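The values are calculated or read from the model by the stated rules, or taken from the named source; none is laboratory data. On a predicted model such as this, the values are computed, not experimentally measured, just so you know. Positions of Cβ are backbone-derived with ideal geometry, glycine not excepted, and every protein chain shown enters the neighbour counts. To get the accessible areas, we keep the full protein, side chains included, count just its heavy atoms, and leave off ligands, DNA and RNA. Shrake-Rupley method; radii C 1.70, N 1.55, O 1.52, S 1.80 Å.
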Amino acid sequence: NRRKSRNGAFWEDRYFATAVATDCHLLQCLVYIDLNMVRAGVVQHPSRWKVSGYHDIQNPPSRYRIIDYAALCELTGMRSLANLRSQHREWIACELTKRQLAREPKWTENAAVGSEDFLRAFESTREAGGVV
């Protein structure tokens, strides 16, 4: 902010949270985010972008971990971190093979991603001022 003579939150406007309905949607979200730098043309494979979820899943740091690996395994239905890592590599390889790397508005413009019922419930809760 000082360098650009700005005020306010660093992540404000451009970045926001997206509610994710199920483990299936979470997996899709992980892969989508991990391919952001490939989509932008910065790298050919997410492994080449060291500050990424891909890198943290495939090469967990010994200190200063951001990801709760046990929780991620539970949420994604994986038996172990090794299983998650293997599946994660396969999902990324599959998406890179398809070469369908276009920006997807459901991940970049929506406050929630999931079934029609989930989206209706999410919006009702949000409109009522409840915790989402």
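For first residues located in the range 54-74 and under 17 Å from ILE33 (Cα atoms) and of a type in the set (Val, Ile, Thr), partners that are open to solvent by 40 Å² or more (accessible area, probe 1.4 Å) and not in a loop (DSSP other than H, G, I, E, B) and lie 6+ apart or on another chain with Cβ distances below 7 Å form the pairs ILE57/ARG85. Any chance the range 115-128 includes a residue that's surrounded by 10 or more Cβ atoms within 10 Å (Cβ to Cβ), in contact with a strand residue (DSSP E or B) (Cβ under 8 Å, 6 or more places away or on another chain) and among the aliphatic types (A, V, I, L, M)? There is at least one residue in the range 115-128 that is surrounded by 10 or more Cβ atoms within 10 Å (Cβ to Cβ), in contact with a strand residue (DSSP E or B) (Cβ under 8 Å, 6 or more places away or on another chain) and among the aliphatic types (A, V, I, L, M). If you go through the range 39-96 and keep only what is among the β-branched types (Val, Ile, Thr), surrounded by fewer than 16 Cβ atoms within 10 Å (Cβ to Cβ) and either under 18 Å from CYS24 (Cβ atoms) or at pLDDT below 90 (or both), you end up with VAL51, ILE66, ILE67.
Here is a yes/no grid of residues against (1) touching a Ser or Thr at 6+ places or on another chain (Cβ under 9 Å); (2) not small (Gly, Ala, Ser):
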{"position": "ALA40", "(1), (2)": "no, no"}
{"position": "LEU72", "(1), (2)": "no, yes"}
{"position": "SER80", "(1), (2)": "no, no"}
{"position": "SER86", "(1), (2)": "no, no"}
{"position": "CYS94", "(1), (2)": "no, yes"}
{"position": "THR97", "(1), (2)": "no, yes"}
{"position": "PRO105", "(1), (2)": "no, yes"}
{"position": "PHE118", "(1), (2)": "yes, yes"}
